[in-house]
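Engineer: Pasting a structure below so you can have a look.
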């Protein structure tokens, strides 16, 4: 039996509208609200609570939870489930994310909608399990081999862990691409108040299923029914007899590995289907940008101490602002370009040795000063540490 | 006149015309395995709209491309894990995995082990040619001792992996091994595997004259098939000789590779168990129990 999203049952399983829960559990809630019916996962701190939360709740909404043998198997099963017709997700942390990289690229190449929650911890290697970091931001963008476009969101609150997981499913379904929720250990292990949206306020996007005549259907080309570079989805078992391969393929899906134009055509379509929509995708929060001369560009957990530092400075009359990237990939470069022409200085606090500061510098193109404010070791920046950057120290 | 099924008719029915010709070399056994699979599918009358072929990387993993059905050609070694997800999303689908010795027992060993242990409902057809053929003949985990490979130029000193023994120990419902030189019983085995709930694995010894045969004095395909006949023995016969045979017979037999059906049991498959779990939860809900 195929899964059918049952809003009433989901809400019964989620419980009260207002709750005080962990960020990891909020990701579970987001998945269930979006209609996720398959979770394949493998235990890893600090993401295990996502798997545990799914193991408890997914069967109760008639979905399927399987603890796979490793993270490679987890993402593989998640992609398989998507082709079987499910909305599917997995959750992991740094080492598991590294293991998933090959199949992450497979999902890109085969245009498979799926969601990966990464509750980041410090690295490299095993690093500091349980302690948060933002060290995988570039891995989400460049971690698998070859040319591709990533879609990644970075929550700064537990509420956003839930909301962004719903959004991740929507974007995955819309663009037929894997989407990462790049939470950090801080968010995963933080307990906060969340409000579960009512069904009428919930925006749910589902992939467009293939409906046209089976003889006329072309699986890997622009949609044949809409004006879109995203093809309609021929779910396995619906009679379309689709061949899906990670090899460079022609429009029919058959291997076409020896000619340059075939590869260029395919990869340009699966990247521009995302970059063409950069304006629609861009999702930022702007604080005090009207008069600010020094601005924090932030995301995830590090937005919180940055906001505190900004408020401290504002109280003293300093013209400080903040641009928070809710969607980090594709990079909202137009927002950065606009900002660079207006401000004197951009400070980028990150729980890594400087990752998102690089695309910021790339798009600032020397128009203003860009300062990296790194902190590693599993601790968040303290507001006064960031405040020092505002004093130019 | 009764409708006589011929390989040609089956090919027309089940092959995907657009993909012709195949990548396979002269003498390769993969086509034979595909043919046996078609016969089994035909006998069972499987609905090809509801059958998904999954594979990893390697020559055998190219087979789904030639079949007129849904196919997922995945990453190296991971086919079984992908297949697990497909089945989970839609348990009504029949799942057939084509994989090779390197794909299945080398890089993909972990997924094989756990799918067999979980008794995931799928049929794995592992085509064992003792080599990594697509990449030019490197050493495979199943290669017999002494085999020459590009990465074992002085002869293989590693003990070969008996995949059937492994999968049997894990409690899979159906485990069999044949060579492509046997015409009838392998078809019956594929059919039995497809009919089974839970995990079934059928291993085929299948020649790779190009990458394995050439280096191991089996480049001539007739010689290769004869080598199978000379070096394999039916499990029933093997057991008989080991029990009642003379010392000389035992000595001659003990190193032969066993073929036949090694396991044929009825344990509930994973998704049957999962359905029960779901039903239990819904019954509890109906009774207003703890949600």
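Engineer: Strictly greater than 23 Å: what percent of every Cα pair in the stretch A:109-242 meets that?
Structural biologist: 46 percent
Engineer: Report the dimensions of the protein assembly as shown along its three principal axes from the alpha-carbon atoms, largest first, rounded to Å.
Structural biologist: 99, 63, 53
Engineer: Something else now. Restricting to bridges with both residues inside the protein assembly as shown, how much of the DSSP beta-bridge set is antiparallel, in percent to the nearest 5?
Structural biologist: So the antiparallel bridges in the protein assembly as shown amount to around 25 percent.
Engineer: Calculate, for residue B:151 and residue A:55, the FRET efficiency according to 1/(1 + (r/R0)^6) with r their C-beta to C-beta distance and R0 41 Å; round to the nearest 0.05.
Structural biologist: The value I calculate is 0.45.
Engineer: Could you list B:25, B:104, B:164, A:36 so that the one with the fewest beta carbons within 10 Å of its beta carbon is first and the one with the most is last?
Structural biologist: Going from sparsest to densest Cβ surroundings: B:25, B:164, A:36, B:104.
Engineer: Note down the Stokes-Einstein diffusion coefficient of chain A in µm²/s, whole number, using a Kirkwood radius over alpha carbon pairs, 10 °C, and 1.306 mPa s. Don't skip to the end; give the middle numbers.
Structural biologist: Details: Rh = 21.5 Å.
Using the Kirkwood radius from Cα pairs, D works out to 74 µm²/s.
Engineer: I need A:20, A:254, B:270, B:199 ordered by Cβ neighbour count within 10 Å, fewest first. Kindly include the intermediate steps, with their values, before the conclusion.
Structural biologist: Working: A:20 10, A:254 16, B:270 24, B:199 28.
By the 10 Å Cβ count, ascending: A:20, A:254, B:270, B:199.
Engineer: Moving to a separate point now. Using only Cα positions of the stretch B:9-127, each an equal point scatterer, no hydration layer, compute I(q)/I(0) via Debye at q = 0.16, 0.22 Å⁻¹ and quote the log10 values to two decimals.
Structural biologist: -0.71, -1.32
Engineer: Quickly work out the residue A:369-to-residue A:16 label distance, labels modelled 7 Å from Cα along the C-beta direction, and quote it in nm with one decimal.
Structural biologist: 4.9 nm
Engineer: Here is a further query. When the scattering of the stretch A:7-159 is computed by the Debye formula from its Cα atoms alone, each counted once and equally, what is log10 I(q)/I(0) at q = 0.12, 0.13, 0.19 Å⁻¹?
Structural biologist: -0.47, -0.56, -1.19
Engineer: Calculate the translational D of the stretch A:266-374 in whole µm² s⁻¹ from Stokes-Einstein, where the hydrodynamic radius comes from the Kirkwood formula applied to all Cα pairs, the temperature is 4 °C and the viscosity 1.567 mPa s. Walk me through the numbers on the way to the answer.
Structural biologist: Details: Rh = 14.3 Å.
Estimated via Stokes-Einstein, D reaches 91 µm²/s.
Engineer: Additional query: Efficiency by 1/(1 + (r/R0)^6): what FRET value for residue A:251 and residue A:2, r their Cβ-Cβ distance, R0 = 35 Å, to the nearest 0.05?
Structural biologist: Details: r = 28 Å, r/R0 = 0.79.
For residue A:251 and residue A:2, the calculated efficiency is 0.80.
Engineer: Still on this structure, please answer the following. For each of A:387, A:288, count neighbouring Cβ atoms within 10 Å of the residue's Cβ, then give the residues from fewest to most.
Structural biologist: By the 10 Å Cβ count, ascending: A:288, A:387.
Engineer: So, in Å, what gap is there between the alpha-carbon centers of the stretch B:106-152 and the stretch A:180-256?
Structural biologist: Spelled out, the Cα-based centre of one part sits 33 Å from the other.
Engineer: Now, a different point. Restricting to bridges with both residues inside the stretch A:78-187, how much of the DSSP beta-bridge set is antiparallel, in percent to the nearest 5? Could the numbers behind the result be given before it?
Structural biologist: Details: 2 of 16 bridges.
Counting only bridges with both partners in the stretch A:78-187, antiparallel ones make up about 10 percent.
Engineer: How much of the DSSP bridge set in the stretch A:7-201 is antiparallel, in percent, rounded to the nearest 5?
Structural biologist: Of the beta bridges lying entirely in the stretch A:7-201, close to 25 percent run antiparallel.
Engineer: Same structure again: Return, ordered by residue number, the residues of the stretch B:207-233 whose backbone nitrogen is under 17 Å from a label point located 7 Å along Cα→Cβ of residue B:254.
Structural biologist: B:233
Engineer: Could you list log10 I(q)/I(0) for the stretch A:198-270 at q = 0.13 Å⁻¹, which the Debye formula gives when each Cα is one point scatterer?
Structural biologist: Evaluating at q = 0.13 Å⁻¹ gives log10 I(q)/I(0) of -0.45.
Engineer: Output the direction-averaged projected area (hull surface divided by four) of the convex hull of the alpha-carbon atoms of the stretch B:7-286, in nm².
Structural biologist: If I average the Cα hull's projected area over directions, I get 16.2 nm².
Engineer: Which distance in nm do the two modelled labels at residue A:214 and residue A:226 give, with both placed 7 Å along the Cα-to-Cβ direction?
Structural biologist: Here the answer is 2.4 nm between the modelled labels.
All of the numbers you see were taken from the coordinates with simple rules; none came from a lab. In this text the structure is predicted, and so the values were computed from the model without any measurement. Note that each Cβ is placed from the backbone with ideal geometry, even for glycine, and that neighbours are counted across all protein chains shown.
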